[in-house]
1. Given the Cα atoms of the stretch 972-1085, and with Rh set as the inverse mean 1/r over their pairs in the Kirkwood sense, what is Rg to Rh to two decimals?
2. Report D for the stretch 682-721 in µm² per second (integer): Stokes-Einstein, Kirkwood Rh on Cα pairs, 10 °C, 1.306 mPa s.
3. Pop a pseudo-label 7 angstrom from the Cα along the beta-carbon direction at both residue 543 and residue 521 and give the gap in nm to one decimal.
4. For a protection proxy built on the mean count of beta-carbon atoms within 10 angstrom, sort 840-848, 1043-1051, 56-64 highest first, please.
5. What does the C-alpha gyration tensor say about the overall shape of the stretch 489-611? Classify as rounded when a/c is under 1.5, otherwise prolate if a/b is larger than b/c, or oblate.
6. Spin-label point model (7 Å from Cα, Cβ direction): what's the residue 884 to residue 393 distance in nm?
7. Evaluate E = 1/(1 + (r/R0)^6) for residue 477 and residue 575, where r is the Cβ-Cβ distance and R0 equals 60 Å; express this FRET efficiency to the nearest 0.05.
8. Quick one: putting +1 on the C-beta of Lys and Arg, -1 on the C-beta of Asp and Glu, what dipole do you get for the chain around its Cα centre, in Debye to the nearest 20?
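Readers should treat all values here as calculations from the given coordinates under stated rules, not as data from a laboratory. All figures in this text were calculated on a predicted structure; none of them were measured in a lab. Cβ coordinates were reconstructed from backbone atoms using ideal geometry, including for glycine residues, and neighbour counts include every protein chain displayed.
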Amino acid sequence: MSKRTIYALLVGIDDYPIASHKLNGCVNDVNAMHEFLDFRCQSENTELKVLKLLNHEATKENVVKGFLEHLGSATHQDDAFFYYSGHGAQEVAPPEFWQMEPDKLNESMVCVDSRTESGGVGDLVDKEIGYLLWKVSAKNPRILVVMDCCHSGSGTRSAAPSKVEYTTRQIPTANKMRKINEYLGFNEGFYQIRADGQVIMKRGNYVALAAARANEFAKETILDGQKRGAFNFSLIETLKSAKGDLSYGDLMSKVKAKVISLVPEQNPQIEICVPTQIEGAMQLASLDNTFLGGLPPKEDFLRIYYRDDVKSWVVNMGQMQGLPKNTSPSDPNILSVFNFADASGNKEYKLMTDENKGNDVAKAIITKVEKDYSKIEFQDHPKRTPFSPDLHAIYKAKLTSSSVKPTLFYMEGSEEDTKYLRNMVETDGGSQPYAKFTDNPAEAKYRVVVSQDQFTKKYEFLLNQDGKKVCKDVKGRQVVTPANSMQVGEGAMAQKAWAYIQTIAKWEKTLEMSNPDTSFSDNAVVIEVIDAKEIEKKIEERVTVDVSNGLNLLANQAYEGIMLTPDMYWRVKNNTGKQLYCTAIWMSQNFGADITSEASLQIFNRPLPPNSSFDILDGSPVNLTVNENLLRGGEFQEKIVIKLIYSTEEFSPDFVKNMTLTPLPFPATPDEDSATRGLVRKASGADWSVFNLFITVTQPSQPQKVMTGKPTGLLGKNSITSNFAGGIEVALASPQQQFATRDISQKPKDFAIPQVFRESPQFQPISFNNSDGDTTDLSILEVKGIANLQKTDESKPLFNLKLDAQAEESDVVFPITFDGEFFLPIKASSEVNENGEVVVSVDDLPKDAAEPKIDPETQTRSLTGSVKIFFQKVVSKKLGREFQYPLLDMATDIRADGFKYMRQLHSDKDYGFVLDKVAREIETKKNIAVFVHGIIGDTETMPQSLVLAKDDKGNPLLEKYDAVLTLDYENLNTPIEANSQFFKERLEHIGIKAGHDKNVHIYAHSMGGLVSRYMIENLRGDEIVNHLIMLGTPNAGSPFSALKDWIQMAISMAMSKIALFAWATAPMVFLFNKTMKEIGVSLKQLNGNEPFLQNLAKTAQPKTPYTIIAGNTKLTPLLAEGTAENGALKKLLGKIQSKVLDDFLFGSPNDIAVSLESIRSVKWVQESEVIYPACDHMSYFTTPEGNKAMAEAASRARFL
């Protein structure tokens, strides 16, 4: 292997051609840096190749040539170092850069010929330096840039320094604007112009150290007897006095403290830049890299060092790392302190805290907790020699006592199996504050299961709540080497398992990070997400994506063999009037935390001026994908959290080191090496807060073949068993995917959950990946390759689905399809089997499911059909504590928007108590209304109609009644005669019996009218009921032979918003599910040919007068010829393909469920006693026309 070389381009300019621009310390800085590099390379046996450009040599042409030819010679094993000391300035930026430069100014370095009395060649702006660094990155060297000049950071600029004894390295802004095509790199495609005219630039791979913040000035002053830059002097002195390797993060922490102690208002900055696309084997720039070197060994310790700016020893751990801001003296945070290297110079020695045999040199007490560091005081260890700290040294530290609230783990396994891990916890647990084991499994968040067989030991890491694996097992052969048991065999496995546990716990603590004392409002700083279509609009016209409930994305765009989410653009927006600094932590599902790498948003210490914003990834689109190892394990969804932390003060470079976590391998990874605020309290010190963006990325599954008669796994515990005569294919998809219409003249329509489902808590979406029910979940089952709808066994359904869904026995899982125009219920039934699994039996599909489909993009026809099905769980409403049908109850607190049953007011009592309470309540009441529901639903929407119905004086009908009762009954499998008997018994129980002194009116809907009629006409109910008002009652029956088709149509009308009025959909779904299993007794009685209705038609006229309300949909747009509603209904019926239903609806007048002829078919009721409102069967009680008819019917009744 050839010798490592440092290629250095050192540029220093004092002698500018314009007298007022001259400086004095820049050449001194370059010479000092050259001297240091000579010393460094000689001591490390590293070759140094320096190109030094001083004063008149430092022309713009020579600097560019130095980048391309000299630094461009560095290869993957070398370092390329650019150092500049001279003037920084600004130049008016062209409009393409205004999005990234709010002040519309580019930052620049001033070469010796940039500005002359005659004009000059112009500055070398930061965008051009970025291009040069991109070119140098081509051979993958490690690149370091040091800029000791003004405007060496980024962002807006502010005023000059206040003290005149310091010289600033800054000259006025160049007001001439160059066009973007005049910039270096334009002809090489370095700048890409977006649709909105803004520019995206390619990125190099480098670490950059800047002398000052973007709004500050780099200063030079007399140091060690000569003019020097404060930053250069501090940097070199820190490097010379360093004891132990310094990462860039550690280095800049110490340099910043030293600069602040030398000059005012100058805070050095660090930037990490990595490419958005990685090419070849590239070692990415990192804060963990050592100065002009590679990555040091991974650290598992804290660092203690002296900070000149706060005049205190500090440890790199603060509030953001989980330490409470206020700690009790009785519960201190104590550190064990270690030298950075042991006596032999070994920096990787094991840190031991044993009282007698440990190698710690002192103790330290945390005295004050700040944002990202804490002040400490040293204490001598009672068993060690007195400790005297070296101000130039860095010390290692471990927490031995902490007030951090840990994540709890439970260890499961035999004593023998778990002994190695228990030993690890006992010896190292005290210094690991984030993880703790508990003996109570109920309080643990994670469970670690340790097991072994004859040859293999295994550690499994599970979520305690559901037992789901969270990462790959740690396992291996049981080999024990007593002399080195922590390096191989069981000891090494336990050590690795313990490392996994620490990573999980630290990730959890990072996820919890927040500042309860912040004065910032919730949306002080936000991440805005902009769709690619919006980016073409003007900024003020753009509509951002709502991320208040998270960001749900679908990875459905193929790109180089993987699936990506569509282009979206992200911005960080400061809504405050404060100067802020922000850092973004990318938190992956497998416990990774990243700030600066190519897999993160690369936002660290980014200045955020008041009321400003910046593009994430320099305006490049953000595309996400699902990790291939999740897909390999059969999971198609990945969760990501972005923690955007913002503060009034900068973040310490140590912050990155402390917050970065290497992700654990996913369970299916084949190779483990791949991997509303109230009172605002003013906070002291730095004010900071967090904006969390929760992201879900979902990828559709690939189609898989399903053989007839054999269960086929879908995802997780979900499976399908086909009974199709031919083989089919199935795939899981997301609602975000488009559903094409069959009309090739129409564009595909986006799927959306029907509004009736979104508005009711009874409906809950089911996803195959058991997620949150958002539009990216895999909740669509696509059945492809359907040649026909024939079955191999006619006694079985077309196919059965076993769904891994939480459901109770009384719940219904309801399959639906969407054809781009209508939502259609699938003819299916569901049940919860003896194993607690939800089984959905699909008996039939829409007739056109087996017909060829037209691809909306290619306009080609497939050879077979397909259907997309989604599933809703419909939760049954509980009747209360052991309440059984029939339920006679009282409606209380009746309002237009609802009421309360008496049983709800006494939910802790049994039904007998409730019924007796109702009896006592009506003892003195005179006028009583009783509501009885029909075949569909219950009485929940009925009593409030008395508020909506007004008499001819405008008074609510409710004012005429002293009490309102309701009857709910089992309406499918109980004969109507039995329900009539139960009804009378319940009325008699509460005192409404023959000879009572009250006035009772019954309002009965649909089949409820038959229940009431039978009681009145056959059970002497005319002795207790004073008036019967029937609404939509099928007195001569209904279209029984098309019952299933009618319910399917009614549900589809409600879902597709064809119904003129809002219908209660859930009851219809329950009825549909039940009728798919069998037609109940009471449903059969609705057949006009059945004995029940034939006998009822023969009964004698009772003493109770009747009024009939018969809704006529011929009076509404739904069945009025030529209306849009009528056209939609006809198209829907064309898909259901039921001639009986078609003839019924478009034949004689009807209320959409019952014909007017059937409703008024009571032989003694005169035509004058029938009212015909313009409403349908489902809206008698909820529409103005229906309420008006109720008021008219009540006006014909007698009141006391």
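1. Numbers: Rg = 16.5 Å, Rh = 15.8 Å.
With Rh from the inverse mean 1/r over Cα pairs, Rg/Rh is 1.04.
2. 104
3. In this crude spin-label approximation the distance works out to 2.4 nm.
4. Working: 840-848: 19.3, 1043-1051: 23.1, 56-64: 17.7.
The packing order, highest mean first, is 1043-1051, 840-848, 56-64.
5. Verdict is oblate for the stretch 489-611.
6. The modelled label-to-label distance comes out at 8.3 nm.
7. 0.55
8. That gives the chain a dipole magnitude of about 740 debye.
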